[in-house]
1. Take the Cβ-Cβ distance between Ser83 and Lys232 as r, set R0 to 25 Å, and report the resulting FRET efficiency rounded to the nearest 0.05.
2. Through the Karplus equation 6.51 cos²θ - 1.76 cosθ + 1.60, θ set to phi - 60°, convert the phi angles of region 220-234 into ³J(HN,Hα) values in whole Hz; use x for Gly and Pro.
3. So, in the chain, how many Lys pairs have Cα atoms under 26 Å apart, if the pair is 8 or more places apart or on different chains?
4. Report in % the part of the accessible area of region 56-106 that belongs to carbon and sulfur, leaving out ligands and nucleic acids; probe 1.4 Å.
5. Over the chain, with a Gaussian network built from C-alpha contacts below 10 Å, which listed residue (Tyr51, Tyr220, Tyr114) shows the highest mean-square fluctuation?
6. Which whole-angstrom value gives the distance between the alpha carbon centres of region 57-108 and region 139-200?
7. Nothing charged except the Cβ atoms of Lys and Arg (+1) and of Asp and Glu (-1): what's the magnitude of the dipole of the chain about its Cα centre? Round to the nearest 20 debye.
8. Suppose accessible area is computed on protein heavy atoms with a 1.4 Å probe; arrange Asp132, Asp23, Asp175 from highest to lowest.
Amino acid sequence: MTVLLLMILLSLSSTTLAAPKADLWPFWQASNPASTATIDHAIWQGLINDYLLVAPEQTRFRYAAVRQQDKAALSRYLTRLASLDPRRYSRNEQFAYWVNLYNALTVKVILDNYPVSSITKLGGMFSFGPWDEKLITISGQKLSLNDIEHRILRPIWQDERIHYVVNCASLGCPDLLPDVMQADKLNEQLDQAARRFINSDKGVAVRGQRVRLSSIYDWYQSDFGTLAELQKHLNQYLTRPVTLTSPSYDYDWRLNELK
(Lines give C-alpha, C1' and ligand atoms only; values in the text may rest on other atoms or scores of the structure.)
Protein backbone atom coordinates (compact mmCIF):
# COMPACT_ATOMS: atom_id res chain seq x y z
CA MET A 1 0.00 0.00 0.00
CA THR A 2 2.82 2.40 0.88
CA VAL A 3 4.62 1.72 -2.41
CA LEU A 4 1.37 2.18 -4.35
CA LEU A 5 0.68 5.49 -2.61
CA LEU A 6 4.19 6.68 -3.39
CA MET A 7 3.76 5.78 -7.06
CA ILE A 8 0.48 7.69 -7.19
CA LEU A 9 2.06 10.76 -5.60
CA LEU A 10 4.99 10.67 -8.00
CA SER A 11 2.61 10.38 -10.92
CA LEU A 12 0.56 13.29 -9.69
CA SER A 13 3.60 15.48 -9.11
CA SER A 14 4.77 15.01 -12.69
CA THR A 15 1.40 15.68 -14.26
CA THR A 16 0.18 18.55 -12.11
CA LEU A 17 3.28 20.60 -12.90
CA ALA A 18 2.29 20.56 -16.57
CA ALA A 19 0.36 23.73 -17.37
CA PRO A 20 -3.26 23.34 -18.51
CA LYS A 21 -3.95 24.05 -22.15
CA ALA A 22 -6.08 26.98 -23.22
CA ASP A 23 -9.49 25.37 -23.65
CA LEU A 24 -12.30 27.79 -24.49
CA TRP A 25 -15.49 27.67 -22.42
CA PRO A 26 -17.92 28.99 -25.06
CA PHE A 27 -20.48 30.08 -22.45
CA TRP A 28 -18.24 33.04 -21.54
CA GLN A 29 -17.39 34.16 -25.06
CA ALA A 30 -20.30 36.58 -25.41
CA SER A 31 -19.85 40.31 -24.79
CA ASN A 32 -21.70 43.57 -25.33
CA PRO A 33 -19.54 45.92 -27.42
CA ALA A 34 -22.10 48.72 -27.04
CA SER A 35 -22.01 48.64 -23.26
CA THR A 36 -20.50 51.62 -21.43
CA ALA A 37 -21.24 50.17 -17.99
CA THR A 38 -18.33 49.88 -15.58
CA ILE A 39 -17.60 47.61 -12.62
CA ASP A 40 -16.47 49.04 -9.30
CA HIS A 41 -13.24 47.52 -7.95
CA ALA A 42 -12.69 50.09 -5.19
CA ILE A 43 -12.82 47.56 -2.34
CA TRP A 44 -10.14 45.43 -3.96
CA GLN A 45 -8.00 48.53 -4.61
CA GLY A 46 -8.35 49.54 -0.97
CA LEU A 47 -7.09 46.15 0.23
CA ILE A 48 -4.13 46.36 -2.13
CA ASN A 49 -3.34 49.86 -0.90
CA ASP A 50 -3.38 48.71 2.72
CA TYR A 51 -1.58 45.38 2.51
CA LEU A 52 0.66 45.22 -0.59
CA LEU A 53 4.27 46.32 -0.23
CA VAL A 54 5.93 47.17 -3.54
CA ALA A 55 9.72 46.80 -3.63
CA PRO A 56 12.13 47.02 -6.60
CA GLU A 57 12.40 43.26 -7.17
CA GLN A 58 9.36 41.82 -5.42
CA THR A 59 5.95 42.83 -4.12
CA ARG A 60 4.77 41.08 -0.97
CA PHE A 61 1.38 40.87 0.68
CA ARG A 62 0.90 41.28 4.43
CA TYR A 63 -1.50 38.36 4.88
CA ALA A 64 -0.88 38.14 8.62
CA ALA A 65 -1.89 41.77 9.10
CA VAL A 66 -5.26 41.65 7.33
CA ARG A 67 -7.99 42.66 9.77
CA GLN A 68 -11.29 40.84 10.11
CA GLN A 69 -13.24 43.78 8.71
CA ASP A 70 -11.05 43.75 5.63
CA LYS A 71 -11.54 40.01 5.18
CA ALA A 72 -15.27 40.71 5.34
CA ALA A 73 -14.87 43.50 2.78
CA LEU A 74 -13.05 41.11 0.44
CA SER A 75 -15.90 38.62 0.78
CA ARG A 76 -18.43 41.36 -0.03
CA TYR A 77 -16.42 42.37 -3.08
CA LEU A 78 -16.34 38.80 -4.39
CA THR A 79 -20.05 38.38 -3.68
CA ARG A 80 -20.69 41.54 -5.66
CA LEU A 81 -18.65 40.30 -8.63
CA ALA A 82 -20.43 36.95 -8.48
CA SER A 83 -23.80 38.72 -8.74
CA LEU A 84 -22.86 40.24 -12.11
CA ASP A 85 -23.06 38.67 -15.54
CA PRO A 86 -19.77 39.67 -17.21
CA ARG A 87 -21.16 38.76 -20.63
CA ARG A 88 -23.23 41.97 -20.52
CA TYR A 89 -20.12 44.15 -20.48
CA SER A 90 -17.60 45.24 -23.09
CA ARG A 91 -14.53 43.12 -23.77
CA ASN A 92 -12.18 45.47 -21.90
CA GLU A 93 -14.48 45.63 -18.88
CA GLN A 94 -14.67 41.84 -18.94
CA PHE A 95 -10.90 41.49 -18.99
CA ALA A 96 -10.50 43.74 -15.96
CA TYR A 97 -13.31 41.83 -14.23
CA TRP A 98 -11.73 38.41 -14.72
CA VAL A 99 -8.19 39.43 -13.75
CA ASN A 100 -9.32 41.28 -10.62
CA LEU A 101 -11.59 38.36 -9.71
CA TYR A 102 -8.74 35.87 -10.14
CA ASN A 103 -6.33 37.86 -7.98
CA ALA A 104 -8.87 38.63 -5.27
CA LEU A 105 -9.94 34.98 -5.11
CA THR A 106 -6.32 33.91 -4.76
CA VAL A 107 -5.75 36.27 -1.84
CA LYS A 108 -8.93 35.00 -0.19
CA VAL A 109 -7.79 31.39 -0.56
CA ILE A 110 -4.53 32.25 1.21
CA LEU A 111 -6.28 34.22 3.95
CA ASP A 112 -8.75 31.37 4.52
CA ASN A 113 -5.86 28.94 5.03
CA TYR A 114 -3.23 31.19 6.58
CA PRO A 115 -0.61 30.49 7.84
CA VAL A 116 0.68 28.44 4.93
CA SER A 117 4.17 28.30 3.43
CA SER A 118 3.07 27.88 -0.19
CA ILE A 119 -0.15 27.89 -2.17
CA THR A 120 0.92 24.48 -3.50
CA LYS A 121 0.23 23.02 -0.03
CA LEU A 122 -3.49 23.67 -0.47
CA GLY A 123 -6.08 21.67 -2.35
CA GLY A 124 -5.99 18.27 -0.65
CA MET A 125 -3.63 15.29 -0.44
CA PHE A 126 -3.57 14.54 -4.16
CA SER A 127 -3.69 18.12 -5.43
CA PHE A 128 -0.90 20.52 -6.34
CA GLY A 129 -2.55 23.70 -5.15
CA PRO A 130 -6.19 24.86 -5.13
CA TRP A 131 -6.48 25.80 -8.80
CA ASP A 132 -9.06 23.16 -9.73
CA GLU A 133 -11.36 23.81 -6.76
CA LYS A 134 -14.69 25.43 -7.63
CA LEU A 135 -14.48 28.65 -5.63
CA ILE A 136 -17.26 30.87 -6.97
CA THR A 137 -20.54 30.63 -8.89
CA ILE A 138 -21.26 33.21 -11.61
CA SER A 139 -24.33 33.16 -13.86
CA GLY A 140 -25.11 29.69 -12.55
CA GLN A 141 -21.65 28.35 -13.48
CA LYS A 142 -19.20 27.08 -10.86
CA LEU A 143 -15.69 28.31 -11.59
CA SER A 144 -12.18 27.51 -10.45
CA LEU A 145 -9.05 29.61 -10.80
CA ASN A 146 -7.99 27.34 -13.65
CA ASP A 147 -11.32 27.95 -15.37
CA ILE A 148 -10.79 31.71 -15.20
CA GLU A 149 -7.21 31.63 -16.49
CA HIS A 150 -7.19 28.76 -18.95
CA ARG A 151 -10.80 28.52 -20.16
CA ILE A 152 -11.69 32.21 -20.24
CA LEU A 153 -8.75 34.65 -20.23
CA ARG A 154 -6.21 32.79 -22.35
CA PRO A 155 -8.48 31.42 -25.11
CA ILE A 156 -10.68 34.52 -25.48
CA TRP A 157 -7.99 37.23 -25.44
CA GLN A 158 -5.02 35.20 -26.70
CA ASP A 159 -2.50 37.67 -25.28
CA GLU A 160 0.65 36.26 -23.72
CA ARG A 161 0.80 39.26 -21.37
CA ILE A 162 -2.07 37.71 -19.40
CA HIS A 163 0.60 35.70 -17.57
CA TYR A 164 2.03 38.91 -16.13
CA VAL A 165 -1.19 40.09 -14.47
CA VAL A 166 -2.65 36.97 -12.84
CA ASN A 167 -0.96 36.33 -9.51
CA CYS A 168 -0.56 32.94 -7.82
CA ALA A 169 0.60 34.24 -4.42
CA SER A 170 4.13 32.95 -4.97
CA LEU A 171 7.53 34.65 -5.03
CA GLY A 172 8.23 33.30 -8.51
CA CYS A 173 5.02 34.69 -9.95
CA PRO A 174 4.71 38.06 -11.68
CA ASP A 175 3.88 40.57 -8.97
CA LEU A 176 0.40 41.36 -7.77
CA LEU A 177 -0.20 44.75 -9.35
CA PRO A 178 -0.39 47.83 -7.10
CA ASP A 179 -3.33 49.05 -9.18
CA VAL A 180 -6.39 46.99 -10.03
CA MET A 181 -6.93 46.28 -13.70
CA GLN A 182 -8.88 49.08 -15.34
CA ALA A 183 -10.75 48.72 -18.60
CA ASP A 184 -9.51 52.03 -19.98
CA LYS A 185 -5.84 51.29 -19.22
CA LEU A 186 -5.44 47.62 -20.09
CA ASN A 187 -2.72 47.83 -22.72
CA GLU A 188 -0.64 50.20 -20.60
CA GLN A 189 -1.03 48.00 -17.51
CA LEU A 190 -0.20 44.83 -19.43
CA ASP A 191 2.97 46.39 -20.82
CA GLN A 192 3.98 47.72 -17.40
CA ALA A 193 3.49 44.29 -15.83
CA ALA A 194 5.46 42.60 -18.60
CA ARG A 195 8.31 45.09 -18.31
CA ARG A 196 8.55 44.74 -14.54
CA PHE A 197 8.59 40.95 -14.56
CA ILE A 198 10.90 40.46 -17.51
CA ASN A 199 13.46 42.88 -16.05
CA SER A 200 13.45 41.12 -12.69
CA ASP A 201 15.72 38.18 -11.87
CA LYS A 202 12.71 35.95 -11.38
CA GLY A 203 11.71 36.66 -14.98
CA VAL A 204 15.03 36.74 -16.84
CA ALA A 205 18.33 36.29 -15.01
CA VAL A 206 21.55 36.65 -17.01
CA ARG A 207 24.80 35.40 -15.48
CA GLY A 208 27.61 35.69 -18.01
CA GLN A 209 26.62 33.50 -20.93
CA ARG A 210 23.94 31.69 -18.95
CA VAL A 211 20.30 32.70 -19.03
CA ARG A 212 17.77 31.47 -16.49
CA LEU A 213 14.12 32.11 -17.27
CA SER A 214 10.98 31.81 -15.24
CA SER A 215 9.34 28.41 -15.64
CA ILE A 216 6.32 30.30 -16.93
CA TYR A 217 8.05 30.43 -20.32
CA ASP A 218 8.49 26.67 -20.24
CA TRP A 219 5.01 25.80 -18.98
CA TYR A 220 3.29 28.12 -21.46
CA GLN A 221 5.45 27.62 -24.50
CA SER A 222 2.27 27.36 -26.57
CA ASP A 223 1.53 31.01 -25.73
CA PHE A 224 5.05 32.40 -26.17
CA GLY A 225 6.03 30.39 -29.23
CA THR A 226 9.43 29.13 -30.32
CA LEU A 227 12.66 30.13 -28.59
CA ALA A 228 13.22 32.74 -31.29
CA GLU A 229 9.71 34.14 -30.81
CA LEU A 230 10.18 34.18 -27.04
CA GLN A 231 13.48 36.01 -27.44
CA LYS A 232 11.76 38.64 -29.59
CA HIS A 233 9.02 39.02 -26.99
CA LEU A 234 11.46 39.40 -24.09
CA ASN A 235 13.65 41.89 -25.95
CA GLN A 236 10.66 44.20 -26.45
CA TYR A 237 10.84 44.89 -22.73
CA LEU A 238 14.38 44.11 -21.58
CA THR A 239 16.71 47.02 -20.87
CA ARG A 240 19.53 44.77 -22.12
CA PRO A 241 18.60 42.42 -24.98
CA VAL A 242 19.21 38.73 -24.42
CA THR A 243 20.14 35.88 -26.73
CA LEU A 244 18.44 32.57 -25.98
CA THR A 245 20.16 29.33 -26.90
CA SER A 246 19.55 26.76 -24.17
CA PRO A 247 18.12 28.60 -21.17
CA SER A 248 17.38 26.95 -17.85
CA TYR A 249 14.13 27.46 -15.98
CA ASP A 250 13.24 28.03 -12.35
CA TYR A 251 10.30 29.05 -10.16
CA ASP A 252 9.95 29.92 -6.47
CA TRP A 253 6.70 28.58 -4.99
CA ARG A 254 7.20 30.14 -1.55
CA LEU A 255 4.38 32.40 -0.40
CA ASN A 256 4.74 36.07 -1.39
CA GLU A 257 4.16 37.20 2.17
CA LEU A 258 5.56 39.97 4.31
CA LYS A 259 5.43 39.06 7.98
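The values are calculated or read from the model by the stated rules, or taken from the named source; none is laboratory data. Note that the structure is a prediction, hence the values are computed from the model and not measured. Ideal geometry is used to build each Cβ from the backbone, glycine not excepted, and the neighbour counts take in all protein chains shown. Heavy atoms of the whole protein, side chains included, go into the accessibility calculation; ligands, DNA and RNA do not. Shrake-Rupley method; radii C 1.70, N 1.55, O 1.52, S 1.80 Å.
1. 0.05
2. Once θ is set to phi - 60°, the couplings for region 220-234 become 10, 4, 5, 8, 9, x, 5, 4, 5, 5, 5, 4, 4, 4, 4 Hz.
3. Value for the chain: 26.
4. 45 percent
5. Its mean-square fluctuation being the largest, the pick is Tyr114.
6. The two parts, judged by their Cα centres, are 12 Å apart.
7. That gives the chain a dipole magnitude of about 300 debye.
8. Listed by decreasing accessible area, they come as Asp132, Asp23, Asp175.
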